[in-house]
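Down below is the structure, laid out as structure tokens.
Readers should treat all values here as calculations from the given coordinates under stated rules, not as data from a laboratory. Note that the structure is a prediction, hence the values are computed from the model and not measured. All Cβ positions, glycine included, derive from the backbone under ideal geometry; neighbour counts span all protein chains shown.
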């Protein structure tokens, strides 16, 4: 991943984060909320090559760590999303090409967000955070899975077009 591509990705992720915090976080979803930022980030990490997915995870984690609404220790999101970026980068090849199977891509994003939230809760427990009861956390993670599964097909075509427009000619071939 080039420096220009990393900067463009960081600006795009910051824009998505602004939408998440400014609009989507204010909607009262039944059961739990929906993390538009995590869904977009996991989708972008799945489309990147190995090093790009890890860098994208780290950039997304830093953006979440700098959020004023985050109550976790600084670096927790960066650690979790870097690990998720690595997991996605090593397992994307076994899943195959997502362009031929959009349903599989939606499921991949939904499960990726679920794994991200679960890892975040596990790391939070390891560093001594009190994140609530197991039952409530399960409802939050499964509710987020449900909303991600529902909303990802809506924004995924636009996300793919934006990503294609930001690729350089070298990255397209």
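Put simply, of 55, 40 the only residue that is over 19 Å from residue 141 (Cα atoms) and either assigned to a helix (DSSP H, G or I) or free of Cβ contacts under 8 Å to residues at least 24 places away in the same chain (or both) is 55.
Look through segment 5-29, keep the residues that are over 20 Å from residue 86 (Cα atoms) and touching a residue at least 60 places away in the same chain (Cβ under 8 Å), and return whichever of them is surrounded by the most Cβ atoms within 10 Å (Cβ to Cβ).
12
Residues in segment 117-145 that are touching a residue at least 60 places away in the same chain (Cβ under 8 Å) and either more than 22 Å from residue 28 (Cα to Cα) or not in a helix (DSSP H, G or I) (or both): there are none.
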